[in-house]
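The values are calculated or read from the model by the stated rules, or taken from the named source; none is laboratory data. Predicted model only: the values in this text are computed from it and were never measured. Cβ placement follows ideal geometry from the backbone for every residue including glycine, while neighbour counts extend to all protein chains displayed. Each accessible area value is taken on the protein alone, full model and side chains, heavy atoms only, with ligands, DNA and RNA left out. Shrake-Rupley method; radii C 1.70, N 1.55, O 1.52, S 1.80 Å.
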Amino acid sequence: MFWVFILSIPTLAVAIFEINLDMKHKVGPWGKTKFKNPYWEEKILQRWPIPFIKYISRYHAVLFLEVLPVVFTLSIIFWSWALNYAVWPSDSSRLIKSLSFITLFIAVWLGNSGFEDMFYFIIQSLTGWHEPHALRKVVLEKDFDWFKDWLPPIFGLNIPGHWVFCPAAALLLLYIRHHWIMQ
């Protein structure tokens, strides 16, 4: 819960940024928009048959592989210092310290990847900003072209696979880090 709380601020900020980006730099109806500049829309890993990964566009690469790593690293360092939280075990080797930080970083990155998308829809639905029925259009109507990998319907709800996979993978990494690396 510590990291969910600490990183909710940058995650909310990214969701708000993306809503604003959609309104100003994309064209087309909601849920089917494309960047005005097609350079950002181009998929860079289409040849990889890995769910979620094969849909990464240049925009996603810049945001999730360049910008957010800097933001998350600074957040981890700041909050760890401010709250006196150990990012790595005391008196540990350089390898263990690196493994601890890398595991934490990947967990934060994965968690954000799932939660940020969820917040994107929740914020719009709760505030009426941009698309007041955003969450309904996704989970009830499956009306969102960007998502390609869906879980089977659960109680009539359509859940994008990364909304479950990314936070679950993040929790697993945090568990591994806590129980095996931090010991």
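Scanning the range 81-91 turns up one or more residues that are farther than 30 Å from residue 147 by Cβ and assigned to a helix (DSSP H, G or I).
Could you pull out the residue among 54, 97 that is at pLDDT below 85, basic (Lys, Arg) and in a helix (DSSP H, G or I)? Talk me through it step by step, then tell me what you get.
Values: 97 fails: at pLDDT below 85.
Within the list 54, 97, the selection yields 54.
Evaluating residue 114 against the criteria (1) open to solvent by 50 Å² or more (accessible area, probe 1.4 Å); (2) in a helix (DSSP H, G or I); (3) modelled with pLDDT under 90 leaves one unmet condition, (1). Against the list (1) open to solvent by 60 Å² or more (accessible area, probe 1.4 Å); (2) modelled with pLDDT of 90 or more; (3) of a type in the set (Asp, Glu), the condition residue 18 fails is (1).
Checking each residue in the range 163-183 for being at pLDDT 90 or above and either in contact with a Phe, Trp or Tyr (Cβ under 6 Å, 6 or more places away or on another chain) or loosely packed, with under 13 Cβ neighbours inside 10 Å (or both) picks out 172, 175, 179, 180. Kindly indicate the residue of the range 125-135 that is touching a Phe, Trp or Tyr at 6+ places or on another chain (Cβ under 9 Å) and assigned to a helix (DSSP H, G or I) and also least open to solvent (accessible area, probe 1.4 Å) among those meeting that condition. If we take residues in the range 125-135 being touching a Phe, Trp or Tyr at 6+ places or on another chain (Cβ under 9 Å) and assigned to a helix (DSSP H, G or I), then 134 is least open to solvent (accessible area, probe 1.4 Å). Residues in the range 21-47 that are farther than 17 Å from residue 62 by Cα, surrounded by 12 or more Cβ atoms within 10 Å (Cβ to Cβ) and at pLDDT below 85: there are none.
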